[in-house]
Amino acid sequence: MTSVQNTESETAAGATTIGVLFAGSDPETGPAACDLDEDGRFDVTQIRDFVAARDRVDDPDIDCVVAVHEPDGFDGVAFLEAVRQTHAEFPVVVVPTAVDEDVARRAVDADATGLVPAVSEDATAAIADRIEQSAPAHSEDTETRMPISDLTVESERRLKEQALDEAPIGITISDATDPEEPIIYINDSFEDITGYSPDEVVGANHRFLQGPKTNEDRVAEFWTAITEDHDTQVVLRNYRRDGSLFWNQVDISPIYDEDGTVSHYVGFQMDVSERMAAQQELQGERQSLDRLLDRVNGLMNDVTSALVRAADREEIETRITDRIGTGGEYAGAWFGRYDATEDTITVAEAAGDCEGCDGDVFDLASAGEAVALLQDVVEQREALVSTDADDVSGTADGDACVLVPVTYRSTTYGVLAVSTAEHRIDDREQVLLRSLGRTTGASINDALTRRTIATDTVLNIGVELSDTALFLVELAGATDTTFEQEATIADSQTQGVLMLVTTPHDDPQAVVDTALGYDAVQDAEVIVSTDDESVVQFDLSSSPLVDVLSECGSRVIRMHADRTTLELDVRVGTEGAARRVLSTLRDKYADVELVAYHEDDPEQTPHGFREELRNDLTDRQLTALQKAYVSGYFEWPRRAEGKQLAESMDIVPSTYHQHLQAAKQKLVGAFFEE
């Protein structure tokens with residue numbers, strides 16, 4: 001293939017050219033491809049191969065063909081006949097090197113655009129004239145020629161009709177010259193969308209799709225556009241033949257005749273019911289969220305303020321219940337205290353529609369749907385919704401009630417019940433209420449801790465529990481050893497308890513293996529070992545003893561276990577708290593003996609210092625610091641390395657050292673602050 005193209009860079013800016021395919025070799029006598037190219041009006045491409053030239057005809061940059069016909073060479077007439085099989089009107093000028101009757105007849109039969117003998121005078125000019133008369137010039141700004149125009153009129157009409165009939169959207173054509181604007185054509189998709197056949201539709205106006213739920217304003221908008229002869233798009237509620245409703249997106253465009261008068265309207269119908277349903281669902285979600293924000297706007301701020309102002313646990317429960325139960329966002333509320341030893345929930349405060357529930361007791365060991373729901377809230381520590389709110393809140397039938405656990409770390413202080421008569425409580429609202437429950441739990445824990453720190457006297461009590469069902473006692477008996485508690489950490493990440501103990505057992509791994517056989521033990525490992533003792537960590541899913549002591553606002557300062565007895569030294573803030581600890585332990589365990597009871601000096605400030613520092617540390621920082629201390633990390637040479645301690649916390653060493661460094665910085669800072 002030889003290309004003798006006159007590119008745009010070689011033509012004047014804005015000049016138009018005609019793409020010419022010169023099919024065949026240059027005649028020995030007569031015009032050559034380069035002769036046409038020199039004219040400047042043509043963009044000439046010469047291809048000598050018959051098949052390659054035929055394929056190039058279909059390219060959009062070719063506007064006409066000059067086909068050389070040689071008796072013993074390129075058959076230009078056969079090339080013309082091949083082009084006519086698919087392009088009935090494509091310009092083809094035949095240039096024979098010798099003209100006889102057969103060549104002329106075949107060229108005429110094949111509807112040649114022109115027949116210019118190569119040997120004729122001014123053959124190049126004659127070919128150029130034929131090209132300009134039959135082929136449109138094009139430039140960079142002209143539209144791409146569509147090959148459909150090369151089909152016969154009948155073929156083009158059939159193709160366009162088929163495209164309309166098989167289009168994936170409904171298409172109608174209406175007669176604009178008739179006042180009723182009757183439909184004169186519908187395609188198959190219109191019938192699929194509406195259920196109406198051509199026999200039922202042709203001759204009718206589009207109004208048959210309308211009904212009682214069709215928006216009249218949108219219909220008026222539709223007819224205004226038709227009256228003003230411009231395009232429009234509307235979405236209407238229309239009716240199918242079977243009476244069912246659907247959302248119909250209708251696009252209408254006018255069609256003009258030669259005189260510029262609207263002769264027809266073409267309409268496009270699309271069933272957009274699924275899209276409209278999705279939009280309505282999204283709108284509903286937004287409205288629901290707006291209502292939620294309206295209800296809780298100010299609630300969280302008020303609750304936070306109430307928690308800060310409250311001086312003790314009782315005031316916290318009263319303020320929270322009153323604000324939620326009478327604030328207008330909800331119908332009512334009550335606060336129930338959870339007693340782990342009795343396994344009961346006692347309603348301490350009630351407000352709003354729940355007023356009158358004060359003193360109600362739910363025995364979680366009994367039967368009933370309400371009790372089962374409260375059991376799940378306490379055990380799962382997750383908010384749950386009751387649709388039979390009267391069972392748990394005392395309100396009317398049909399109310400919804402969400403039960404929110406009030407927790408801090410591994411301790412459950414109670415349950416907050418929030419009822420509403422006007423709406424269901426969705427997932428997002430439950431998230432807010434769960435957050436409120438955790439905030440309240442933290443405030444109750446802080447109030448109990450403050451009471452212990454601020455008291456004039458600190459009471460230390462020593463007790464001995466003789467109960468072989470206690471975890472450490474049972475494990476000591478099974479492994480023939482003793483345990484000293486080094487740290488007990490409530491893990492808010494897992495809702496469990498981490499217990500670090502020392503033991504003189506000569507095979508600490510055997511202790512770990514035995515412990516892993518207990519249901520409450522999720523994991524156990526040896527942290528560090530020496531010739532004299534080992535530090536062992538137990539990861540417990542729960543610890544009834546720790547829960548009981550936390551509920552009473554006390555702290556264990558020493559714990560020793562052997563095969564028969566668990567010795568406890570517990571610190572509390574008041575005599576009432578001390579009595580409660582003893583009462584709770586005696587209710588929970590069979591044999592509880594008080595072995596020590598004394599007051600510490602009021603000037604004993606290290607306890608307050610430690611409590612304040614403990615509250616300032618995060619769970620991870622406290623865990624990292626305690627593990628480092630009891631494992632001999634601060635000794636030299638170290639008995640445990642940071643990598644080993646990091647693995648025991650299931651974190652990477654760099655993260656462990658970050659927690660440890662932050663804890664040390666807070667510790668040193670608290671020591672040197674005035």
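The values are calculated or read from the model by the stated rules, or taken from the named source; none is laboratory data. In this text the structure is predicted, and so the values were computed from the model without any measurement. For neighbour counting, all protein chains shown are included, and Cβ atoms are generated from backbone atoms with ideal geometry for every residue, glycine included.
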**Fill in**
For the range 434-457, the count of residues that are modelled with pLDDT of 70 or more and touching a helix residue (DSSP H, G or I) at 6+ places or on another chain (Cβ under 9 Å) equals 11
**Request:** Could you pull out every one of the helices (runs of 4 or more DSSP H) wholly within the range 617-674 that has 3 or more residues that are more than 40 Å from the chain's Cα centre (by Cα) and hydrophobic (A, V, I, L, M, F, W, C)?
**Result:** 653-672
**Prompt:** Restricting attention to the range 353-387, which residues are under 16 Å from residue 334 (Cβ atoms) and not aliphatic (A, V, I, L, M)?
**Reply:** 353, 354, 355, 356, 357, 358, 359, 360, 362, 386
**Prompt:** Can residue 529 be described as without any contact (Cβ under 8 Å) to a residue 24 or more places away in the chain and buried (at least 16 other Cβ atoms within 10 Å of the Cβ)?
**Reply:** yes
**Asked** What number of residues in the range 319-361 are in a loop (DSSP other than H, G, I, E, B) and either of a type in the set (Asp, Glu) or closer than 23 Å to residue 550 by Cβ (or both)?
**Response** 9
**Request:** Just name the residue that is modelled with the highest pLDDT out of those in the range 40-59 that are within 11 Å of residue 18 (Cα to Cα) and surrounded by fewer than 20 Cβ atoms within 10 Å (Cβ to Cβ).
**Result:** 41
**Complete:** By residue number, the members of the range 175-186 that are at pLDDT 90 or above and of a type outside the set (Val, Ile, Thr) are 175, 182, 185
**Request:** Within the range 85-105, track down each residue that is crowded, with 17+ Cβ neighbours inside 10 Å and part of a helix (DSSP H, G or I).
**Result:** 103
**Message:** Being free of Cβ contacts under 8 Å to residues at least 60 places away in the same chain and touching a His at 6+ places or on another chain (Cβ under 9 Å) is the requirement here; does residue 83 meet it?
**Reply:** no
**Asked** If you go through the range 646-658 one residue at a time, do you hit one that is touching a strand residue (DSSP E or B) at 6+ places or on another chain (Cβ under 7 Å) and in the same structural domain as residue 534 (by TED's automatic domain parsing)?
**Response** yes
**Request:** State the number of residues belonging to the range 58-72 that are over 60 Å from the mean Cα position of the chain (by Cα) and either farther than 21 Å from residue 109 by Cα or without any contact (Cβ under 8 Å) to a residue 24 or more places away in the chain (or both).
**Result:** 1
**Item:** Test for residue 640: is it surrounded by 17 or more Cβ atoms within 10 Å (Cβ to Cβ), of a type in the set (A, V, I, L, M) and either assigned by TED's automatic domain parsing to the domain that holds residue 489 or in contact with an Asp or Glu (Cβ under 8 Å, 6 or more places away or on another chain) (or both)
**Value:** yes
